[in-house]
Amino acid sequence: MTPRSVYIHVPFCGRRCGYCNFALVAGRDDLVAGYLQALQHELATTLVQPANVDTIFLGGGTPSHLSPVDLRQLLTLVTEWFAPTASAEFSCEVNPMDCDAQRLGLLSQYGVNRISLGGQSFNDAKLAVLERDHHGRQLRDSINLCCQVFDNVSLDLIFAAPNESLSDWQRDIEVALQFPLRHLSTYGLTIERGSAFYGRRLRKEIEELDEDVQLAMYEHTLKTLSQTGWEHYEVSNFARTGYRCRHNEAYWLGHTWWGFGPGAASFLPSDRDHTYLRQVNHRSPTTYIRRQLEGRCAVAERDEIGLEQYVRERLVFGLRRLAGLSLTELNDVYGSSVRPLFEPYLQQYLDMGLLTLDAQNTLRLSRQGLLVSDSLWPELLGDT
Ligand code: SF4
């Protein structure tokens with residue numbers, strides 16, 4: 001029950017991209033020293049003693065935005081508190097603009113063995129629309145540099161940017177496949193409250209791409225990557241054999257994890273049987289830092305997750321994985337049949353051919369279900 005995974009949120013970027021609503025500050029490097037002190041305090045008061053873990057994920061923000069001196073301090077702190085097992089996955093998000101030999105060397109020296117590059121596109125016009133701070137050339141160079149230092153390099157790409165055409169997206173995929181990447185995450189752009197795009201859409205300065213074009217882009221991704229030997233293992237994620245992201249798999253499989261830093265969520269065992277605790281830190285980096293340095297708790301929300309909610313979340317996250325999930329195992333966790341929790345929707349989705357249930361009682365998204373999966377989750381989670 002003790003978490004075997006840890007997420008550390010590093011809330012700094014050079015500037016905020018148009019679609020981003022993450023918990024971060026842009027252009028406030030003056031806060032880095034306070035953040036590192038606050039993180040040290042949070043780790044010391046939460047853990048008391050160092051913990052063994054199977055996966056570590058440094059995300060943000062972009063951890064690579066830190067100067068080499070600050071990055072070394074972060075890595076020292078993390079490796080003092082977490083002892084990765086010999087086969088552990090230790091990931092770090094890197095922004096192409098900060099990708100240099102010195103930072104990559106430091107990451108490698110401290111045991112990072114997986115790089116997640118926030119590339120998004122190779123197309124300069126699309127990168128400008130997304131308000132990214134890099135060009136396609138810089139992304140190509142940074143992938144080459146990462147692949148020289150690390151065996152396991154993952155690339156994030158975004159599709160359905162405003163005004164993007166299907167052929168623009170096809171070209172992004174084609175270029176990505178020229179590199180020896182091990183993992184690809186492809187996300188359709190969503191315009192979230194709190195992002196600059198949200199206001200721009202309200203003012204009718206930008207529009208979401210037509211749904212049919214978005215669907216064609218996703219279908220192109222599925223087809224091209226499966227034809228080129230990639231394993232499609234989660235709705236938005238593809239891996240070369242043996243290179244699935246084990247940290248994200250821990251989330252999807254309902255394991256517990258720690259989260260540290262502003263806005264970070266933790267999913268923890270609780271003192272009561274069959275219940276869990278989900279707690280989320282204050283999102284504002286300045287509030288997080290202030291509270292930690294004043295010796296106050298940085299948790300903003302704490303919810304007890306009962307068995308029914310846990311089972312609902314296990315089903316939805318499990319369905320995001322292409323392997324699906326065993327209803328027999330879920331029944332064992334719940335102590336009786338879970339089907340009544342999900343009806344009438346589960347049967348409707350089966351009848352509509354959006355889900356399949358095989359003879360071993362494994363539930364999976366069908367190909368058709370995959371294309372509309374986001375619309376299935378609210379009812380299965382009981383949010384409607
Ligand atoms: S680089 Fe990533 S985390 Fe930073 S502002 Fe852009 S999208 Fe957000």
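The values are calculated or read from the model by the stated rules, or taken from the named source; none is laboratory data. These numbers come from a predicted model, not from an experiment. Neighbour counts run over all protein chains shown; Cβ positions are idealised from the backbone, glycine included. We work out accessible area using only protein heavy atoms, side chains counted, and drop any ligands, DNA or RNA first. Shrake-Rupley method; radii C 1.70, N 1.55, O 1.52, S 1.80 Å.
Summary of values
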| quantity | calculated |
| --- | --- |
| Amide H within-cut-off set for ASN152, under 5 Å, with H built and near neighbours excluded | ILE115 |
| Rough spin-label spacing in nm, given labels placed 7 Å along Cα→Cβ, for THR287 and LEU166 | 4.5 |
| With DNA, RNA and ligands ignored, accessible area of ASP351 (1.4 Å probe; Å², nearest 10) | 120 |
| Mean-position separation - Cα centroids, the range 241-262 and the range 282-310, in angstrom | 20 |
| Förster-model FRET efficiency, 25 Å R0, GLU343 and GLU211, C-beta, rounded to 0.05 | 0.30 |
| Centroid-to-centroid separation of the range 177-209 and the range 65-82 [C-alpha atoms, Å] | 30 |
| Carbon + sulfur, % of accessible area of the range 5-251 - ligands and nucleic acids excluded, 1.4 Å | 48 |
| All-pairs Cα distance distribution in the range 308-381, expressed in whole percent, bin size 10 Å | 20, 62, 18, 0 |
| Relative pair counts by distance (%), Cα atoms of the range 302-344, 10 Å bins | 27, 57, 16, 0 |
| Quarter of Cα convex hull surface for the range 73-139, i.e. mean projection, nm² | 5.2 |
| GNM result for the chain, Cα springs below 10 Å: residue of ARG278, ARG16, ARG339 fluctuating most strongly | ARG339 |
| Residue with peak Gaussian network fluctuation, the chain [Cα springs, cutoff 10 Å], from GLN360, GLN102, GLN37 | GLN360 |
| Pairwise Cα inverse-distance average, inverted: Kirkwood Rh of the range 147-215 (Å) | 13.8 |
| Size descriptor, Kirkwood hydrodynamic radius, that averages inverse alpha-carbon separations across the range 238-334, Å | 15.2 |
| Computed FRET value (nearest 0.05) for SER366 with THR79, which takes r as the C-beta separation and R₀ as 45 Å | 0.55 |
| Per-q log10 I(q)/I(0), the range 1-145, q = 0.09 Å⁻¹ (Debye; single scatterer per alpha-carbon; no solvent) | -0.29 |
| Percent of beta bridges antiparallel (DSSP, the chain, rounded to nearest 5) | 40 |
| Equivalent ellipsoid dimensions for the chain as semi-axes, Å, which come from the Cα gyration tensor, largest first | 31, 28, 21 |
